[in-house]
Structures are given as structure tokens and as C-alpha cells.
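As C-alpha cells, the structure follows; a few thoughts come after it.
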Amino acid sequence: MKEEYKDFIGIYDESVPVDLCNEFVENWEEAKKNRTIIDPKENNLNPLIRKDETAFVAPLSSTIYPKPPVKAYFEYLQECFKCYINRYSIQFNGTFFNDVFKLHKVRKSEGYHKWHYEKGGSSTIDRIVAYMTYLEAPKKGGETEFLHQSLRIKPIVGRTLIWPATYTHMHRGSPPLDGEKMYIDGWFTAARIDINDMGSK
């Protein structure tokens, strides 16, 4: 795995094997065909802001994908997360957890074009860092842009990004111009209580 850091954005190339990424892509089409995707929806409320296909996956109880690839992905993601917290000496006297992630299928000219950050509401205030892994990359376009960092990151299969969830890292997705993009994203969230200490009280 190759590590690079730019303005608190961790970039991890070759963090997830290409074969595993391909497995997610193939399973998406199969799950969609067999109607086994949980909460499949096209985000078309305002196509100028967002248009893609999204599915929420609970890693421990997924019926979209078999558990082995989901479990394998999170093991690779954990390694990226460990590198990130070590790089920035992040300390938290509590528990980090990740109970859900999203998969996005973005076709030509689609995407989430609105500048946003990951803890912009009362229900998301516990998010500490966000992550994204590219599973499928278009031939052209589809970059992830960070506003205040003046940074545009190219989608590469197996590349994982980790960044702070707060307003310092406003971002958006550029539309694929040639081909399609598929990616996983989610959040490492801080528990409000330290569940490890509950038994000692």
C-alpha cells in the first residue's frame, strides 16, 4: 500500500485489491437484477445536485453482498484507518464504530455535485472521519474535489481516501465523462459513551 497525505486527506493507493473491487462491481449488477439490494434508489430529487444509484449496507448483516468480500474490505479499510490516526496522532478516549456504509453507482454525467461535508446535521454530529474507496473508475472525469484545499483527486480502482468529516473539508464529486464510477463511502463515528467501561461501573 502506498500512503500520501495532503491537508489532512489520506490517500492510500493499492489499499484494496483490484479483484476484490471487481467483485463488488459484479455483485452490484447481479443484486440489482435479482432485486436483492436493500434500499436501492436513484437520487433524482434534483438531478442538478445529485443523481446516482445508492445502496446502504450493514457490514454485519448484509444481504446485498456475501459476507466474505464485505469482511475482507473492512480489514483493508482498518489498515488505512490505523495509518491515518497514527499519522495525525488522533486520540479519543472512547470507541470508534462503523455500522453502515454506502455503495454508489455513478453513470456518465451523474454524481453528487453539491459542496457538502459529512457532519452537517444533528444526526451526523458524531462522525469523526469519512472514507471512500473507488471500486470502478471512468476513463475520464469522476474526480473528488475538496474546496478549501483546492484539490482534485483522480478515481483509481483500489484507492482509498480518509479525511475529517467537518466543514474544513467541503467536497463534491465530478461527473464521469467517459465510463462509469462505483465507490464505497462511509464514516468512522465516535460513540458518546465508552462502552468498554460500562461493565466496570
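The values are calculated or read from the model by the stated rules, or taken from the named source; none is laboratory data. Everything quoted here is computed from the prediction, not taken from an experiment. Because the Cβ atoms are built from the backbone with ideal geometry, glycine has one as well, and the counts that use them run over all protein chains shown.
Annotations
- Selection count where residues are farther than 11 Å from residue 157 by Cβ, within 15 Å of the chain's Cα centre (by Cα) and not β-branched (Val, Ile, Thr), scope region 7-31: 2
- Top-ranked residue in region 51-82 [being of a type in the set (Asp, Glu) and over 15 Å from residue 31 (Cα atoms); ranked as modelled with the lowest pLDDT]: 52
- Scanning region 1-19 for residues that are surrounded by fewer than 19 Cβ atoms within 10 Å (Cβ to Cβ) and in contact (Cβ under 8 Å) with a residue 40 or more places away in the chain yields 1, 3, 5, 6, 7, 8, 13, 14, 17, 18.
- Residue ID - nearest to residue 81 (Cα to Cα), chosen from residues in region 1-23 that are among the acidic types (Asp, Glu) and in contact with a helix residue (DSSP H, G or I) (Cβ under 9 Å, 6 or more places away or on another chain): 3
- Those strands (runs of 3 or more DSSP E) lying entirely in region 82-201 with at least 1 residues in contact with a strand residue (DSSP E or B) (Cβ under 8 Å, 6 or more places away or on another chain), closer than 13 Å to residue 9 by Cα and among the aromatic types (Phe, Trp, Tyr): 127-136, 144-146, 160-164
- All positions within region 83-99 that are closer than 22 Å to residue 184 by Cα, at pLDDT below 90 and surrounded by 14 or more Cβ atoms within 10 Å (Cβ to Cβ): 96, 98
- Subset of region 137-165 (residues that are out of contact with any Lys or Arg (no Cβ under 7 Å at 6 or more places or on another chain), crowded, with 17+ Cβ neighbours inside 10 Å and without any contact (Cβ under 8 Å) to a residue 60 or more places away in the chain): 141, 144
- Taken together, the criteria exclude residue 120 from residues that are on the phi > 0 side of the Ramachandran plot, at pLDDT below 90, within 17 Å of the chain's Cα centre (by Cα) and surrounded by 13 or more Cβ atoms within 10 Å (Cβ to Cβ).
- Only residues that are more than 16 Å from residue 114 (Cβ to Cβ) and either of a type in the set (A, V, I, L, M) or buried (at least 17 other Cβ atoms within 10 Å of the Cβ) (or both) were counted in region 166-179, giving 2.
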